[in-house]
Each structure stands twice: as structure tokens, then as C-alpha cells.
Amino acid sequence: MHIEFTAANANAMEVLGARLAPALRAGMMLHLHGELGAGKTTLIRGILRGLGHTGAVKSPTYTLVEPYQMNGLPVFHFDLYRLKDPEELEFLGIRDYLEGQGVCLVEWAERGAGVLPAADVEITIQRSGDGRQVQFLTHTASGDELLRAIS
């Protein structure tokens, strides 16, 4: 399934993320693609806010992963921008995060190719004037369910 949205500004990106939140299920893997400053972290902030998180949301560029726990659902926000080699994910203990108990939101997922599992949904964000074009492409039945919830 393929769906596209236009987000006029950062607030619209957060609203789009919040719309995804109720349909997220344990074990889901979302890969986010886009250049620096495209809005990947902003979309994730919206998802986390939609799940009830009220604190700060920053990109875990240096720590690689930031865990959250909301309503019994673990959510792991990965930022692989600084990853030099996908095998570094093994040292991070990536398998522990992928046990299917939580949701994995992965920025710069292409840098973990060969180690990260395939995405349920790939999200590509591109600049479009002052706004953003957000493309969703599903690869699994759970990904299809997620997009049906927001379309």
C-alpha cells in the first residue's frame, strides 16, 4: 500500500505522527528516510505525543537509541546517522530491541541495512516548498493496517 500526505509545517508533521500512534502494535518496525532536517524526528515526536509522552523528544544521534514506555508499549527511537558500519548494531544489543515487544522507529535505517529487519512501513520525507511530502510504503499486513487507520 502506498499513501502520500502533504504537511504544511512542523505542527502538521506532529499531527500526522499522532494519527499513527493509536494503530501502532508491538513488533512493528518503521523506517524513516529523508535528508537532514527533513522532519523525521518531528514525525516521531508526533507519534510519541500521540501515545501520551509529554516530555522532550530529541533525536538520539549520539546514543543511537532512546527508549520510551507508554501505556505498556515500549517504543524505541533509533537514529543511525552516525553509524559507520551496520555491524555496530550488534554491539548496541539490537537483538534485544527486536524481540517483538515494542515498536521500533528508525531514522537513517538504510545505514543498518543487512542487520535491521525489513520495515512494516517505510516513510520517506521530502521538502516541498515550505512544507513536506510524506510518503508511506507498506511491506506487511500490519503496515497495511497502520495506513488504513490514517487514510
Inset, instruction - Go over the candidates Met13, Met1 one by one and state the one that is surrounded by 22 or more Cβ atoms within 10 Å (Cβ to Cβ) and either in contact with a helix residue (DSSP H, G or I) (Cβ under 6 Å, 6 or more places away or on another chain) or under 15 Å from Asp120 (Cα atoms) (or both). - result: Met13
Inset, instruction - Output yes when any residue across segment 58-66 is among the acidic types (Asp, Glu) and at pLDDT 95 or above, and no when none is. - result: no
Inset, instruction - Filter segment 94-110 down to the residues that are exposed (fewer than 15 other Cβ atoms within 10 Å of the Cβ) and touching a strand residue (DSSP E or B) at 6+ places or on another chain (Cβ under 9 Å), then identify the one that is nearest to Thr124 (Cα to Cα). - result: Glu110
Legend entry - Residues that are assigned to a helix (DSSP H, G or I) and of a type outside the set (D, E, K, R), drawn from segment 92-126: Leu92, Ile94, Tyr97, Ala109, Gly112
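Each row is one residue, and each column tells you yes or no for (1) in a strand (DSSP E or B); (2) out of contact with any strand residue (DSSP E or B) (no Cβ under 9 Å at 6 or more places or on another chain); (3) closer than 17 Å to Ala119 by Cβ.
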position	(1), (2), (3)
Val15	no, no, no
Leu30	yes, no, yes
Gly46	no, yes, no
Lys58	no, no, no
Pro67	yes, no, no
Val75	yes, no, yes
Arg82	no, yes, no
Pro86	no, yes, yes
Glu90	no, yes, no
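The values are calculated or read from the model by the stated rules, or taken from the named source; none is laboratory data. What you are looking at is a predicted structure, and each value in this text was computed from that prediction instead of being measured. Heads up, the Cβs are rebuilt from the backbone with ideal geometry, glycines too, and the neighbour counts pull from every protein chain shown.
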